[in-house]
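This report refers to the structure that appears directly beneath it.
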Amino acid sequence: RDFNERCAQCSEVNWGLTDGGRFYCRSCHNVTERTREVVNTDFITNTRIQTISKGLRKQEKTDGGCEWYVCEGFQLVLKKQAEALEALGVCPQMKDEILCNFWRRYLQKSKQAYCKRPAGETVKALSVCDSSTDVDSEPERPSLLHFLSLSESDGDLQTDCSFVSSTSKVSESTSVCSGSVDGSLYLMKNQKEKLRMTMPMTLSFCYMALLWLREPMTLSDLLRFVVEGHIPYLNVFQHFPEQMKLCGLDLKIFCVESWPVYEEVYTKMLELAAFLDLPRFPDITDSCFLHPDMLCMKYLMEANLPDELHNWTCRVVKKIRIGEADFLTLVPGNKSTRKVKYDVLAAAVIVVVLKLLFLLDDHYEWLLSDFAEERNKNNKEDGPYFEFKKWYKVIKCSLDVEQKKMDEERAKYLWRCEKPLFYSAEKKSKVLKRRQMVVNLQNQFGKLSGSVLPAEKPNPSSFQLSWSEENADESCFHGHSLKGILQEKCGVLTAVNPDYWLCTVKLCNEKLCGHPAHYKEVDFPQSYHFVLRLFSFLLRIQPSYIHDEVCLIEHKLFNKKLCKKPKFNPGLRK
Amino acid sequence: SSHEHKLNFKKSKEVCLSYIQDAMLHKQWKRAAEFLTFYIESLEKDYSREYMGPSEIIWRIGTEILCHHSQSSMKEFNSFIEQMKTLGVKRFLKVCLEHTFHLLCNGLIDEAYQNLSLAESWRYGEQTAIQDKEMKLIQAYRGLLDYYSWSKQKNILLEHGQDGFEDLSVEQEMHSCFRKATVNLKEITKIPGVWDQFVKCYVDLLEFYGDHNEARQVLNEYAYNSKFPANPNAHVYLYQFLKRHGESKKSLISALKILHDVAPSHELMIDFNTMLQKSKKRKKRRLGLEVIFAALDYAGWKENVKAWSCLARQVKQIVISEKHLDWIKVEWNSRKDWWPAFHFSRYLAKRNWQENESLSYEKALVAGILLGKDCKYFKYVSHQGCKAQVKRFRILKKFVNKRNPVYLRISG
């Protein structure tokens, strides 16, 4: 528009802009070398909108890189994650509609794009490796020392050349910069109000979208897939296009050096939902996978417990009304309702049911088991009664094996990838040399490892443990009967076990100490701990989280009794 | 046990390292190598604040694994070590040194020499000054290898000399090795430290070329300079040198005196006692008694016939002369509570008699003097000896019986 030169070929003044940002003559289609300069901030905003939707790359630089913004990076990450989820069987709607819209809404709300003018952001960001820029005179240049205090994860993302030492060369800031245009700004600003995007938060986005669509994937499933490598998260920047160069502070933003934590991802998801002003999520009804009745069924199968227990889980769910849509459905921003962790809830229900039927006080369950064993010995024609002892042995064996495998996998976990990272261009050759040496050494000792090849990524599966009734060794308990531990009273099936012990008599105030209860293994029966350990393994969370949920359920279940008697024995009749 | 479900880079490498260590302790080298492959990527992270970083850990663990793994070869090892050398500038010379040791242990002397020469010529700014100690060691070991070459040449020459051949080139080679060796060995022996091997070789070279003064000076420094750590061997070397050069008994004795103070159980104490017993000076003879008693305090000497015979001879001589019985009294005073059980039990009497008649003879003599004719040891051995009609035992029995009052005076 401001370009008034005559075209070299046809002498007309009729210019347009190509996708590459170059001027071309509309009359004779002669493309010039002149590119559109960045003039004002409004233009920048438009650029970003364009780059997000079309993936335009502007201003090729000498190293083949281009300008890119941090949110573009995250957008790419989300795209890759959504694709991976689709490959796992999630419906395509998730990627094309839900996640996309959530993301756009986020950009709008955080004023990074899709709005008139980003608040308070100047584009005089730290110049990216442009030695010609005189950075010393920049009034807005943030202090590099400030960045050092911001650390998202435990690990320092430093290469062998320590980042710390280079802060003394603050004036030579060209050595520390970021590949992205706004990397430094991104880290510097206090974005608490705006909910700054982080890598764990990408998973919060994914989970939120999954929840909206009520897909059959719990948060623990999602995080497990991430750790197993089916969903890009670690080293996701490998998938960035060539021109998007990462260096300097980008590393702090995009590199991950720890496994995502359930609590963190979950809490962020809630914050995010509120931030985006989302309405009530689609109802979780009893036909949804996430409904406790469904999840309990799944977990019972996975835990190799009798199908008959499902009746009991449903009864508990019904009694304390946690199967109702109003309870289960997420209403963002509503602080009064307790937020539901579907997987933990279902596991806790099963634990409560086991306590109801078997007491789990390290005595009674074995007693019941002995009776069942007697009966099974004498009666081989009718179906077997469930023997707790047998189940315990089978599960313990498998659990120990799986746990051992998992421990070894933790030791063998590889964090680095082919694509090397460097803080600045100066460090590049050193980093590359180091990487080469690492590869050489890995090969050398790999050969000495014997025939062991790196384990193939396990095929993604919803079930970690599976049991089959076709096995001759009778290690599948799905079809076993609970008859031995049940009795009929007034037409209703109840447990033979008359007692119950509460995990805690009084719940803690969550606001004060963060948890409704505090679990210590030594304070509880070993059978109880074993059951917690089992579900802790399946869900990949601490036993204490399940214990918390168990406490809450118990308090709902025995609410009346608890309220009635102020002085109170932990053992009580149902 | 609570299994954490969290994991970060640092923790996972810690866990990995514990698996490696566990495998190594169980000598499962394949498994150790396997886990090491997963540990190696920690080289790509900065651990500059840690006491021992991954590069050092990998160097040490990798070395262990390659030493023991059945499929590893010298070639593999060398290639690995070359990479380790580039990893840590601050450790460069140390790695070179240890590489050298490894090569030497595998008999690759020429390679070791080359390695040391290369290391010697290494320069790296201020690191060269910082790693000065390692450099000195490298030079010293190269000197040692030069000595080794010199020694080989020398032996060749001696053989040829016997056959009547002359070999000029070998001689020249030998002299050149000598020059190279002495330069470096001289340097290291100047620095306070324990340099037994270097000193020995250096002195050997000096003696061969007739520079006895320098040799004596080096040995004196090594033994007497208080800056050097106390080292019994220093005195042994000095003593041996003095003996070789026929020095006076006085200087020999003074060299061994310190050895006695520092290492009373040293094997040279027999020589020492022998020298001292023969001395005309009373003080020296007194010292001799002290020396031999002190030596026999140690379990390693219990069955040493020579030592017992020295003690027996001296004790006998004192008893016969009836002079200086108080010497024996003093020495016996601190020992009378435990020597009987330690040396003169009935069990030992039986055993000594069965296994070593001479030993039992000498011991019986000493026991008879110190504990009297009625002591278990003497009674048993002399009885056995007389029964077996061994002449000297009869003489012994007579002697002790006659001298029994002496025992009373000693024990009183």
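A short reminder: the numbers here are calculations on the coordinates, not readings from a lab. Please read all numbers here as calculations on a predicted model, not as lab measurements. FYI the Cβ positions are ideal-geometry reconstructions off the backbone, even for glycines, and counts take in every protein chain you see.
Overview of results
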| item | result |
| --- | --- |
| Radius 14 Å from Cβ of B:LEU103, net charge of other residues (Lys, Arg +1; Asp, Glu -1) | -2 |
| Sorted peptide list for B:377-388, A:86-97, criterion being average Cβ within 10 angstrom, highest first | B:377-388, A:86-97 |
| Anisotropy class of region B:126-229 from Cα gyration tensor, a/c 1.5 cut | oblate |
| Per-peptide average of other Cβ atoms within 10 Å, ordering B:130-143, B:247-260 highest first | B:130-143, B:247-260 |
| Residue order, fewest to most beta carbons within 10 Å, for A:MET208, B:MET52 | B:MET52, A:MET208 |
| Neighbouring partner chain Cβ atoms per residue of A:253-262, average, 10 Å criterion | 3 |
| Straight-distance crosslink candidates among lysines, where the alpha carbon sits under 27 Å from B:LYS280 and sequence neighbours closer than 8 are dropped | B:LYS243, B:LYS249, B:LYS250, B:LYS257, B:LYS306, B:LYS316, B:LYS323, B:LYS329, B:LYS363 |
| Region A:397-449: C-alpha gyration tensor shape, a/c 1.5 cut-off, then a/b vs b/c | oblate |
| For region A:99-107, 3J(HN,Hα) per residue [Karplus equation, 6.51 cos²θ - 1.76 cosθ + 1.60, θ = phi - 60°, Hz, x = Gly/Pro] | 4, 4, 5, 4, 5, 4, 4, 4, 4 |
| Derived scalar couplings ³J(HN,Hα) [region B:114-124; Karplus, 6.51 cos²θ - 1.76 cosθ + 1.60; whole Hz; x for Gly, Pro] | 4, 4, 5, 4, 4, 5, 4, 8, 6, 9, 8 |
| For chain B, calculated [θ]222 nm from helices alone, where every DSSP H run of n ≥ 4 adds -39500 (n - 2.57) | -24000 deg cm²/dmol |
| Within straight-line cross-link reach of B:LYS133, lysines at Cα separation under 17 Å, skipping those fewer than 8 residues along the same chain | B:LYS90, B:LYS94, B:LYS186, B:LYS190, B:LYS227 |
| All lysines inside 17 Å of B:LYS387 as judged from Cα atoms, apart from same-chain residues fewer than 8 positions distant | B:LYS350, B:LYS373, B:LYS376, B:LYS379, B:LYS397, B:LYS398 |
| Peptide-level mean, for A:433-440, of C-beta atoms on other protein chains within 10 Å | 4 |
| Principal-axis tilt of helix B:54-68 within chain B, Cα atoms, nearest 10 degrees | 60 |
| Cα gyration tensor shape of region B:1-119, rounded if a/c is under 1.5, else prolate or oblate by comparing a/b with b/c | oblate |
| Local electrostatic count at A:PRO384 - Lys and Arg +1, Asp and Glu -1, tallied over other residues with Cβ under 14 Å | -4 |
| Size of charge dipole - region B:213-354 - debye, nearest 20, with Cβ of Lys, Arg +1 and Asp, Glu -1, no other charges | 620 |
| Counted charge near B:PHE342, where neighbours are those whose Cβ lies closer than 12 Å (Asp, Glu -1; Lys, Arg +1) | +2 |
| Helix axis angle, B:92-105 relative to chain B longest principal axis, alpha carbon, degrees | 60 |
| Nonlocal amide H pairs with A:ASN235, under 5 Å, H built at 1.01 Å | A:VAL256 |
| Gain in span if fully extended, A:ASP362 to A:ASP473, counting 0.36 nm per residue against the direct Cα distance | 37.3 nm |
| Residue-averaged beta-carbon neighbours from other chains (10 angstrom radius) around B:28-36 | 5 |
| Exposure proxy ranking, count of Cβ atoms within 10 Å, fewest first, for B:SER309, B:SER358 | B:SER358, B:SER309 |
